[in-house]
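The values are calculated or read from the model by the stated rules, or taken from the named source; none is laboratory data. For clarity, every value in this text was computed on a predicted model and none was experimentally measured. Please note: Cβ atoms are built from the backbone with ideal geometry, for glycine as well, and neighbour counts cover all protein chains shown. Quick note on the areas: whole protein, heavy atoms, side chains included, nothing else; ligands and nucleic acids left out. Shrake-Rupley method; radii C 1.70, N 1.55, O 1.52, S 1.80 Å.
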Amino acid sequence: MKVDGKHFRSIWRERDGWSVGAIDQRRLPHEFIVANLTSCEDAALAIRDMLVRGAPLIGATAAYGMALAMREDASDAGLKRAYDTLVVARPTAINLKWALDEMRASLAPIDPVERAEAAYARADEIVEQDVEINRGIAGNGLKLIEAIVARKKPGETVNVLTHCNAGWLATVDWGTATAPIYLAHERGIKIHVWVDETRPRNQGASLTAWELGHHGVAHTVIPDNTGGHLMQHGMVDLAIVGTDRVAANGDVCNKIGTYLKALAAHDNNVPFYVALPSPTIDFAVDDGIRDIPIEQRSGTEVTDMTGRTADGRLETVRIVPEGSPVANYAFDVTPARLVTGLITERGVLKPDRASLAAAFPERIAAAAG
Ligand code: MRU
């Protein structure tokens, strides 16, 4: 997608052919800084510290992390060490394990002297595949937006609500939840996005607003508790969110607060869609609420806020009384019954076991084998 007219991806192989460039998302929206990853440990730290974040981008970064590791030590022990280091970098987004399993499956059978080159080739494929998948999500989600346009009066705007950042910054390009929005914008459809700020890390206010604004898409940032009010007053045509892991039964794990938005949508007959690339489906998990591990993050994300002061400095302030305990669950699970449909690269699916299995039979076979 574009940043003020210039095309960017969130991650790329640098001109030197081996090191990896990535936008440092900890600095947005205040500073646009590119980080240079030169080792497996750099990649693991980038994921742990949320320099990169968002399920598909975590997977892409891990794939390049394996390639960087193979330059250092391409032995069987080196392969295992890289996998073990990266797979624990964050617990909830299943794309991390998916990408590492893909890398290991292509590297393990080949001679160590060929592994570094093969690792970069496979990581590049994973990256390009992410972009292609998101283009597929864009096309399938666009049909839902076009159906709303057809029901509206001529010239009326389509209002979409989204939570967190499932935009191009969370993927390699296009995003998942934002892919249909960007395509609708490209096709000249009048579209406006309600952006949940998404406490405590504010990925909506900091990242989604930044990328929509720099690409030229109309949007409004709202406090997280506003969505229900907007839905009651007919100001949301549909909600589209991303996800970090979808269980085999269609339960959707996404950024904390998604469940409450789905409840409000259900109560107000607002369609609630989840956009996801197939690597986000975890066929090994049968029941999302019971079995998806929920990351708990540092309490400082709740107690502290960082922002730019009027004189241009970045400053962190405390907003919670000293001594008050805080809890910071990073994700929640929305039960499948509250989800209108899953927008995938293979169409808009019902959120249930049979539909997921029918659309991705090769993944079922891989999970079984
Ligand atoms: O904790 P994060 O920022 O890595 O969380 C990921 C997200 O941004 C969302 O949950 C997103 O909707 C899914 S990733 C496309």
Given a Förster radius of 25 Å and the C-beta distance between Asp73 and Ile110 as r, what FRET efficiency does 1/(1 + (r/R0)^6) yield to the nearest 0.05?
0.95
Give the Debye-formula value of log10 I(q)/I(0) at each listed q (0.06, 0.12, 0.13 Å⁻¹), with one equal scatterer per alpha carbon of the chain, two decimals each.
-0.21, -0.88, -1.03
Count of lysine pairs in the chain with Cα atoms under 16 Å apart, counting only pairs 8 or more residues apart in sequence or on different chains?
6
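Could you give the accessible area per residue of the chain, probe 1.4 Å, as a whole number in Å²?
On the way: 15310 Å² over 369 residues.
Dividing the accessible area of the chain by its residue count gives 41 Å².
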Taking the Cα-to-Cβ direction at Asp4 and at Val34 and moving 7 Å from each Cα, how far apart do the two end points lie in nm?
1.5
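Give me the percent of the accessible area of the range 2-128 that comes from carbon and sulfur atoms, probe 1.4 Å, all protein chains in place. Could the numbers behind the result be given before it?
Numbers: 2750 of 5350 Å².
Carbon with sulfur: 51 percent of the solvent-accessible area.
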Here, GluC sites (Glu not before Pro) of the range 298-362 satisfying both criteria (DSSP loop; at most 11 other Cβ within 10 Å) are Glu322
Which of the GluC sites (Glu not before Pro) found in the range 152-224 are loop residues per DSSP with 14 or fewer other Cβ atoms within 10 Å of their Cβ?
Glu156
For the range 2-128, count all C-alpha to C-alpha pairs, find those more than 22 Å apart, and express that count as a whole percent of the total.
29
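So, R0 is 25 Å and r is the distance between the beta-carbons of Thr220 and Thr300; what FRET efficiency does that work out to, to 0.05?
Values: r = 28 Å, r/R0 = 1.13.
E between Thr220 and Thr300, to the nearest 0.05, is 0.30.
Can you give the charge dipole size of the range 138-368 about its Cα centre, rounded to the nearest 20 debye, using +1 on the beta carbon of Lys and Arg and -1 on the beta carbon of Asp and Glu?
Working: 21 positive and 26 negative charges, 117 e Å.
So the dipole magnitude of the range 138-368 works out to roughly 560 debye.
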